[in-house]
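Throughout, read-outs are computed from the coordinates displayed, never taken from laboratory work. Note that the structure is a prediction, hence the values are computed from the model and not measured. When we count neighbours, we look across all protein chains shown, and the Cβ atoms used for this are built from the backbone with ideal geometry, even at glycine.
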Amino acid sequence: MSSLKGLNDLDPEILDYLENAPLEHLRCRVLGHGWDQLHEGYIVQEDGAHRGCLTQRVQCWRCLSEGLDTFDSNTLERVGTREYSYVDGYLQAGVEVPRQLVRRYLHARTRTRRSASKVRNIATMGRNRTARTRAA
Ligand SMILES: [Zn+2]
């Protein structure tokens, strides 16, 4: 059971994923990947035959997953769809993690951290004042 308020209705498998996934993975799930180009425009050869396609390999700067786009070398129109290669742990086998749940989880986590750090600040206030007095 999560210590975060308002998340106890979540499927335990989804909650387990959310609590163990790196923050970068959760951010990509909410914000979308931040793609940047690694290589561009090399011609794909398959079994020594020229396929007449250009490819573009992209990588997400945040989670480091990769994608491969293929284009017709004459028209530069996309051929097929992007092929994804996710980093380990990004996908959770058999569990679908909707964006809305990731957003709820991150919101709850941020709220909890903020109130926890407020408590810490109040608790250390007296100590800091004493340290400053001693140093002066
Ligand atoms: Zn990403």
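In order along segment 21-37, phi translates into HN-Hα couplings of 6, x, 4, 4, 5, 5, 5, 5, 5, 8, 8, x, 6, x, 6, 9, 7 Hz, rounded to whole numbers, per the Karplus curve 6.51 cos²θ - 1.76 cosθ + 1.60 with θ = phi - 60° and x for Gly and Pro.
Residue order for 107, 33, 25, 39, fewest other beta carbons within 10 angstrom first, comes to 39, 107, 33, 25. Rounded to the nearest whole Hz, the Karplus-based 3J(HN,Hα) values (6.51 cos²θ - 1.76 cosθ + 1.60, θ = phi - 60°) of segment 63-74 follow the sequence 9, 6, 5, 10, x, 10, 9, 10, 10, 5, 5, 8, with x at glycine and proline. Counting neighbouring beta carbons within 10 Å and listing from fewest to most, the residues 69, 36 come out as 36, 69. Compute the signed sum of charges (Lys and Arg +1, Asp and Glu -1) over the other residues within less than 10 Å, Cβ to Cβ, of residue 40. Cβ neighbours under 10 Å give a net charge of 0. Between residue 68 and residue 107, the simple spin-label model (points 7 angstrom out along Cα→Cβ) gives 3.9 nm.
Neighbours of residue 66, meaning other residues whose beta-carbon lies under 15 angstrom from its beta-carbon, give a summed charge of -3 when Lys and Arg score +1 and Asp and Glu score -1.
Taking label positions 7 Å along the Cα-Cβ direction at both residue 31 and residue 76, the computed distance is 2.8 nm, reported to one decimal.
Ordering 17, 86, 105 from the fewest to the most neighbouring beta carbons within 10 Å gives 86, 17, 105.
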